[in-house]
Every structure is written in C-alpha cells, then in structure tokens.
Amino acid sequence: MIQRRLIPSYIVLVIVSIFSVFPIYWMLTAATNNTADVARGKMFFGAEAMINFNKLLKGTNLWQSMGNSFKYALAQTVLCLLVCSLAGYGFELYHDKGKDLLFGILLLGMMIPGVATMIPLFRMMSSMKMLNTVWGFVLPAVSTPFMIMMFRQNSRNFPVDIMEAARIDGLSELGIFFRMFMPVMKATYAAAAVITFMNAWNSYLWPRVVMTDNKAQTMPILIANMANGYSVDYGMLMMGVLFSTFPTLIIFFVLQKQFAEGITGSVK
C-alpha cells in the first residue's frame, strides 16, 4: 500500500528528470551532427563528431580559451575561498558590538545589480592597468556577500571549545584558522569551491567588458563569438558548448557529496 502511494511521486520525478537531462542529451547529439541535421531537429547521434571537432580546432582558439578559463576560474576560486572564509569566520566566532551592523551593510550589497557597478569597475581596472589580466577578472569577485554569509552560517557549527583549548596551548589565531577551522569545515569549502568555480567559469558579462584582447578571451566569449556570425555552424557550436560544459560537470560530480554536506552546514 505504501509503494502504491509513492507511484505518483516517482512519476513526477521521472518526468522532471527527463526534462532536466534532455538539454544535455540534445547538446551531445547536436555535437555529432552537421548544421542541417541540427536545424532539422535530429535527435539521434550522427557521424560528424570528428569533423566538428577539427573545424572547432581550426576555426577558433579553443585550447587558449580553455586555458584562460581554467586560469581565471582557479585563481578566483582560491582567493574567494580564502577571503570569504576568513570574513565568515571572523563575523561568527569573534564578538564585537558593531559586527552585526557591518554584516547587515554587507548584505545590502546583494541588492545592488551587477550592471550598476560595471562602469566604475571598468574605469578602476583601466586606471590600474589591469585590463586583460587575471587580477582584472578576479578582484571584483574575490569577496561576495553570499559566500561570506554561507561561511558565517556554517561556522555556527564549529565547536568553540576547540578554539579555547588551542589558545590555552599557545596556538595563534591564524594557526587556529588554518590548522583547525579549515580541516573541520572542509565540506563547506567544497560546496563554496563548486559554486565559485562554476560562477567564474560561466561568467560572461564582466570578462566581455574587461578582456578586450582576443588572446585573453574565455570559453563563454568564444562560444558567443561563434554564435554571432552571419552563418552559424551549429554542429561546431555545440561541440564548443560541450567542451565548455565538461569541466564544471566533472568538478560537480567529483565533489557532489561534499557539496551536499556543505550546503546543509555539515561539519566533519
């Protein structure tokens, strides 16, 4: 009787799963077909995969764009985790009368649309000679209110008694953070790393503004350039989308367990 009650739920889950997986399936099939087949709506795998791949290599700077995306995304992920975890750790575990007011002001930054700060940030990066550099890409996103809030919320599960014992043993405040807080909060770091890397990898508007040189372009810019031509080769385009999608899929599947634990605030 219980199993029969679950049948409608399973049906809904199957339908939702099909709708969720279908775009990925269509991307895979489109990458193996030519433009005519894609335009015709062919939903089966074709024999044009290597042809599309060779055209992608010859017609674009694929490996250079992939390398740029990896470089920028990794740099942003590492710096963002360090800065935001330090901020969240300080906001939660150190007591000060004005910290809640400061944190509230920080959260107000989430209400400001990114496009409103685009021109000031561009002028700032231009004046500091940071256009077409890693720093120009990374600095505006090193500290985000959402990540600080996430680390602060999960820091509430950190056992404060460990800090007191470490201080009695003579461990410095930075030593407590790097040697005790970071290992204990590894699930939160994994979740934050997945979110930050995916946001950095898929970022389009800011790199489009700050990366004016084609040699510094990222994968989203490369794909946008491929789709803006007068005659779009959809097979080659979907092959590029496939290459742009794989890194984020791999990182998510490798860290999915830690991601779920970090989102729920688990402490190891």
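Each value in this text was obtained by applying a stated rule to the coordinates, not by laboratory testing. Given the structure is predicted, the values throughout are model-derived calculations rather than measurements. So basically every Cβ, Gly included, is an ideal-geometry build from the backbone, and we count neighbours across all protein chains shown.
Using 5 Å bins from zero, what percent of all Cα-Cα pairs in the range 99-142 falls into each bin?
Per 5 Å bin, starting at 0, the Cα pair percentages come out as 5, 20, 22, 20, 14, 13, 5, 1.
Mind giving me the FRET efficiency for I168 and V78? R0 is 25 Å, r the Cβ-Cβ distance, nearest 0.05 is fine. Walk me through the numbers before you get to the answer.
On the way: r = 32 Å, r/R0 = 1.28.
The formula returns an efficiency of 0.20 here.
222 nm [θ] for the chain, helices only, -39500 (n - 2.57) per DSSP H run of 4+, per residue, to 500? Let's see the in-between values first.
Numbers: 15 runs with 188 residues, N = 268.
For the chain, the value works out to -22000 deg cm²/dmol.
How many Lys pairs in the chain lie less than 18 angstrom apart by Cα atoms, where the lysines are 8 or more positions apart or on different chains?
Value for the chain: 6.
Quote the charge dipole size of the range 23-152 about the Cα centre in Debye, to the nearest 20; the model charges only the Cβ of Lys and Arg (+1) and of Asp and Glu (-1). Kindly include the intermediate steps, with their values, before the conclusion.
Details: 10 positive and 5 negative charges, 67 e Å.
Its charge dipole is roughly 320 debye.
For a quick check of your reading of the filter: which chymotrypsin sites (Phe, Trp or Tyr not before Pro) in the range 169-252 sit in a DSSP loop and have no more than 13 other Cβ atoms within 10 Å? List each step's numbers first, then the result.
Details: sites: F177, F178, F181, Y189, F197, W201, Y204, Y230, Y234, F243, F252; in loops: Y204, Y230.
Answer in residue order: Y204, Y230.
Let me know the charge dipole size of the chain about its Cα centre in debye, to the nearest 20, where only the beta-carbon of Lys, Arg (+1) and Asp, Glu (-1) is charged.
Working: 20 positive and 12 negative charges, 72 e Å.
Charge dipole of the chain: 340 debye, to the nearest 20.
So, R0 is 30 Å and r is the distance between the beta-carbons of D213 and R123; what FRET efficiency does that work out to, to 0.05?
Details: r = 18 Å, r/R0 = 0.60.
Step by step, r from the Cβ atoms, then E = 0.95.
If you average 1/r over every pair of different alpha-carbon atoms in the range 1-140 and take one over that average, what Kirkwood value in Å do you get? Don't skip to the end; give the middle numbers.
Numbers: mean 1/r = 0.0476 Å⁻¹.
Every distinct Cα pair counted, the radius reaches 21.0 Å.
Under a point spin-label approximation (7 Å from Cα along Cα-to-Cβ), what is the K97-M43 distance to one decimal in nm?
6.7
Output needed: percent of Cα pairs per 5 Å distance bin for the chain, bins running from 0 to the one holding the longest distance.
Values per bin, smallest distances first: 1, 5, 10, 12, 13, 13, 13, 11, 9, 6, 4, 2, 1, 0, 0.
Suppose a student asked you for the relative contact order of the range 63-263, using Cα pairs under 8 Å spaced at least 6 residues apart; what percent would you report?
Numbers: 182 pairs, mean separation 69.7, N = 201.
Relative contact order, the range 63-263: 35 percent.
What base-10 log of the normalised intensity I(q)/I(0) is obtained for the range 1-74 from the Debye formula, alpha carbons as equal point scatterers, at q = 0.16, 0.21 Å⁻¹?
So the normalised log intensities work out to -0.78, -0.95.
Multiply the residue gap between A260 and R179 by 0.36 nm, knock off their C-alpha separation, and tell me the result in nm, one decimal place. Kindly include the intermediate steps, with their values, before the conclusion.
On the way: separation 81, 0.36 × 81 = 29.16 nm, distance 2.35 nm.
Going from the current span to full extension adds 26.8 nm.
Could you work out which residue, out of I195, I176, I221, moves most in a Gaussian network model of the chain, that is, has the largest mean-square fluctuation with Cα springs under 10 Å?
Between I195, I176, I221, it is I176 that shows the largest mean-square fluctuation.
Compare the peptides 65-71, 163-169 by average per-residue count of other Cβ atoms within 10 angstrom and give them in order, highest first. If you can, show how the numbers build up before the last one.
Working: 65-71: 18.7, 163-169: 12.4.
Descending packing order for the listed peptides: 65-71, 163-169.
Provide, in order from the shortest bin, the percent of all Cα-Cα pairs of the range 131-186 in each 5 Å bin, continuing until the bin that contains the maximum pair distance.
4, 16, 19, 17, 14, 12, 8, 6, 3, 1
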